[in-house]
Amino acid sequence: MLTSESIVRYSAGMDWLDFDTGNCTVARTLGLVGDRWSLLVLREAFNGVRRFDDLHRHLGIAPTVLTKRLDELVRNGLLSRAPYQERGQRVRQEYRLTPVGWDLQPVVIAIMAFGDKHLADPEGPPVRLEHAGCGAAVKPQLACEDGHQLASPREISLTPGPSARAVDGRSGG
């Protein structure tokens, strides 16, 4: 049984240890972006860096590792390749976020917010995200589909979804 430290309430008479995690979407997402370099390449893409040489220089990543990460991100549908050509140079590829890739921006912002809160230099974080419309700081927030802002993660309850399976093989929601 989970302790009182759990932040999520469970419904339908199940707790987290009753769920089979074989089809967990968190695990599947981490399979797409679950290493440091992939997330940093995405961070660069969100900030407009598209070209291999710029990614290599700004990240300080080995070219072979960068090539592998870019290939994986393209294969997984997070980035696409688009040709470009500088005057007098050969045609090269740049990497653009796909709609699926853009869907990860809130995740990267949440990771950044965690780092800003717990890992920033004493003088504060290195960059600040601001709402272009008013200049206020952007921060990740939890909300339900009806638009209610959650004051705490403790307001979340977990219910079985349509593909949930119990550890013993029973179907969930």
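The values are calculated or read from the model by the stated rules, or taken from the named source; none is laboratory data. Fair warning: this is a prediction, and the values are worked out from it, not measured in the lab. Here the Cβ is made from the backbone with ideal geometry for all residues, glycine too, and neighbour counts use every protein chain on show.
A few remarks follow.
- Scanning region 85-102 for residues that are surrounded by 12 or more Cβ atoms within 10 Å (Cβ to Cβ) and either more than 24 Å from THR67 (Cα to Cα) or under 16 Å from the mean Cα position of the chain (by Cα) (or both) returns LEU97, THR98, VAL100, GLY101, TRP102.
- Helices (runs of 4 or more DSSP H) within region 13-130 that include 1 or more residues more than 30 Å from ALA164 (Cβ to Cβ) and at pLDDT 95 or above: 36-46, 52-59, 63-75, 105-118
- Residue in region 95-108 that is closer than 29 Å to PHE52 by Cα and charged (D, E, K, R) present: yes
- Matching entry among LEU42, LEU30, LEU70, LEU17 (being farther than 30 Å from GLU155 by Cβ and not β-branched (Val, Ile, Thr)): LEU70
- Residues that are surrounded by 11 or more Cβ atoms within 10 Å (Cβ to Cβ), at pLDDT below 95 and over 18 Å from PHE114 (Cβ atoms) do not occur anywhere in region 137-153.
- The residues of region 19-43 that are surrounded by 16 or more Cβ atoms within 10 Å (Cβ to Cβ) and not hydrophobic (A, V, I, L, M, F, W, C), listed by number, are SER38, ARG43.
- When residues of region 44-53 are limited to those that are under 17 Å from THR67 (Cβ atoms) and in contact with a helix residue (DSSP H, G or I) (Cβ under 8 Å, 6 or more places away or on another chain), the one surrounded by the most Cβ atoms within 10 Å (Cβ to Cβ): ALA45
- For region 59-74, the set of residues classified as over 12 Å from TYR95 (Cβ atoms) and exposed (fewer than 13 other Cβ atoms within 10 Å of the Cβ) consists of GLY60, ALA62, PRO63, THR64, listed by residue number.
- Single condition ALA132 does not satisfy, out of (1) among the small types (Gly, Ala, Ser); (2) more than 30 Å from ASP53 (Cα to Cα); (3) loosely packed, with under 10 Cβ neighbours inside 10 Å: (2)
- Close contacts from region 109-126, counting a first residue that is under 20 Å from VAL41 (Cβ atoms) and a second that is assigned to a helix (DSSP H, G or I) and of a type in the set (A, V, I, L, M), with Cβ to Cβ under 8 Å and a gap of 6+ residues or different chains, come to ILE111/LEU39.
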